[in-house]
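Engineer: One structure is given below, represented as structure tokens, and several questions about it will come after.
Every number here is computed from the coordinates shown, using simple stated rules; none is lab data. In this text, all values refer to a predicted model and were calculated from it rather than measured experimentally. All Cβ positions, even for glycine, are placed from backbone atoms using ideal geometry, and neighbour counts span all protein chains on display.
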Amino acid sequence: MNLGRTIRAQLEFLGMSVLDLCRESGLASGTVHRVLRGEDCYVSTLETIADTLGIQLSDLIAWSEEDEEE
């Protein structure tokens, strides 16, 4: 599962930067960058990111799994 790549694609789609995500989500830059690198994180962090991106966490995970299959 490549959540980082999926999150980056959603950011691009929305015209947002990583910095925008940090500001709007209230998450620390280091936390967001760890998620983008594929490191372990709390589910609550992923929920916050998904909410900030305007999507459901289940969709974020599903899109990440689809991305791996391609």
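Engineer: For the chain, restrict the atom set to alpha-carbon positions and state the Rg and Dmax in Å.
Structural biologist: For the chain, the Cα-based Rg and Dmax read 10.9, 32 Å.
Engineer: Highest mean first, how do 46-54, 26-34, 12-20 rank when packing is the count of other Cβ atoms within 10 Å averaged over residues?
Structural biologist: On the way: 46-54: 17.7, 26-34: 14.2, 12-20: 11.4.
Sorting 46-54, 26-34, 12-20 by mean packing, highest first, produces 46-54, 26-34, 12-20.
Engineer: Count charges around ALA50 for me, please; just the other residues with Cβ under 13 Å from its Cβ, Lys/Arg as +1, Asp/Glu as -1.
Structural biologist: Working: positive: none; negative: GLU24, GLU47, ASP51, ASP59.
Summing Lys/Arg as +1 and Asp/Glu as -1 gives -4.
Engineer: With each run of n ≥ 4 DSSP H residues scored as -39500 (n - 2.57), what mean residue ellipticity at 222 nm is computed for the chain after dividing by its residue count and rounding to the nearest 500 deg cm²/dmol?
Structural biologist: Numbers: 5 runs with 52 residues, N = 70.
Theoretical 222 nm ellipticity from helices: -22000 deg cm²/dmol.
Engineer: Further question on the same structure: Report the local net charge at LEU36: Lys and Arg +1, Asp and Glu -1, summed over other residues whose C-beta lies under 12 Å from its C-beta.
Structural biologist: +3
Engineer: Then there's this: Taking only C-alpha pairs under 8 Å that are 6+ residues apart, what is the relative contact order of the chain in percent?
Structural biologist: Values: 59 pairs, mean separation 32.9, N = 70.
Once normalised by length, the contact order is 47 percent.
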